[in-house]
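Shown next, in structure tokens, is the structure this report addresses.
The values are calculated or read from the model by the stated rules, or taken from the named source; none is laboratory data. Bear in mind that the values here come from a model prediction, so they are computed numbers and not experimental data. Methodologically, a virtual Cβ is constructed for each residue, glycine included, from the backbone with ideal geometry; neighbour enumeration extends over all protein chains shown. Quick note on the areas: whole protein, heavy atoms, side chains included, nothing else; ligands and nucleic acids left out. Shrake-Rupley method; radii C 1.70, N 1.55, O 1.52, S 1.80 Å.
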Amino acid sequence: METKASIRTKYKILRNAMPENIVREESQRICQNISTWEIFQKAQNCFFYYPLGKEASLLPFFKESIQKRAAFPRVRGEEMDFCEVNSTDDFQEGYFHVMEPKDEIPAMDLAELEQEKTIVFTPGLVFDINGGRSGYGKGFYDRFFQKYKKVIRVGIALSCQLAEQVPMEAYDIPMDYLVTPEKIYKVTDNRDENK
């Protein structure tokens with residue numbers, strides 16, 4: 001099996017080679033899949049991410065989904081906070097050149113969160129349909145999921161980001177679902193579909 005480092009490099013090259021118009025089109029199809037998805041419709045909180053480079057963009061969808069509580073991550077040392085935002089004007093460049101909620105926007109008190117009704121849309125470099133994910137190697141999402149075990153973990157993948165198998169370490173937290181332009185995969189059985 002390929003090593004984690006080699007698979008990261010390979011899929012980063014594949015993603016970066018995608019034409020902008022295809023990334024845009026596939027992102028739109030991902031947004032369409034989410035909009036009609038029952039799990040999303042029942043969710044109260046949606047944690048988005050601000051796309052970096054050619055990551056799938058959920059930003060158009062964020063603008064339409066504002067009736068739910070929407071939040072984006074902000075890096076604080078080794079941890080990641082989520083801040084509630086209402087507009088794409090609420091961002092500034094932050095860690096790793098990723099756009100983050102402005103400093104004056106307070107972090108949410110996640111202890112009060114209904115985790116089972118919170119979807120965390122999760123970026124990455126490569127995914128598999130068994131819940132495997134590899135990001136940029138900094139571990140922010142894995143540490144977040146370790147702390148908040150009941151949130152609904154949803155990987156977001158362009159068509160070129162799907163591998164047969166992603167090597168997983170003991171500390172890697174698998175996704176519950178994977179959304180691609182083609183379909184939504186339910187990748188673990190530890191959720192009650194009827195919640």
At what distance in nm do the modelled label points of Gln44 and Leu59 sit from each other, each positioned 7 Å from its Cα along Cα→Cβ? 3.0 nm
Farthest toward positive dipole pole in the stretch 51-179 [+1 Lys/Arg, -1 Asp/Glu at C-beta], among Ala170, Leu59, Met80: Ala170
Hydrophobic long helices for the chain, i.e. whole DSSP H runs reaching 15 angstrom or more by Cα along the axis with Kyte-Doolittle mean at least -1.0, come out as 4-16, 20-35
In the stretch 1-78, how does Rg compare with the Kirkwood Rh, expressed as the Rg/Rh ratio over alpha carbon atoms? 1.04
Taking the Cα centre of the chain as the origin, how large is its charge dipole in debye, to the nearest 20, when only Lys and Arg (+1) and Asp and Glu (-1) carry charge on their Cβ atoms? 340 debye
Return the calculated 222 nm mean residue ellipticity for the chain, to the nearest 500 deg cm²/dmol, obtained by summing -39500 (n - 2.57) across DSSP H runs with n ≥ 4 and dividing by the residue count. -7000 deg cm²/dmol
Most packed first (mean Cβ within 10 Å per residue), the peptides 11-24, 134-147 order as 134-147, 11-24
For the stretch 22-103 the GluC sites (Glu not before Pro) that pass both the DSSP coil test and the at-most-14 other-Cβ-within-10 Å test are Glu78
Taking R0 as 22 Å, what FRET efficiency do you get between Asp142 and Lys68 from their Cβ-Cβ distance, rounded to the nearest 0.05? 0.35
Computed E for Tyr95/Ile22 - FRET, C-beta separation, R0 30 angstrom, nearest 0.05: 0.60
Of Lys10/Lys42; Lys12/Lys42; Lys138/Lys186; Lys12/Lys186; Lys4/Lys102; Lys68/Lys102, which pairs sit farther than 28 Å apart, going by alpha carbon to alpha carbon? Lys10/Lys42; Lys12/Lys42; Lys4/Lys102
Cα pair distances exceeding 23 angstrom across the stretch 85-195, given as percent: 36 percent
Pairs of alpha carbons in the stretch 72-142 whose separation is greater than 15 Å (percent): 61 percent
Grab the other residues whose beta carbon is less than 10 angstrom from that of Gly131, score K and R as +1, D and E as -1, and report the net. 0
Could you pull out every residue, at least 5 positions away or on a different chain, whose amide H is within less than 5 Å of the one on Cys83? Hs are placed 1.01 Å off N in the peptide plane, and Pro or chain starts have none. Phe72, Arg74, Met108
Radius of gyration and maximum dimension Dmax of the chain, Cα, Å: 15.6, 46
Just to confirm, what accessible area per residue do you get for the stretch 1-44 at 1.4 Å probe, in whole Å²? 62 Å²
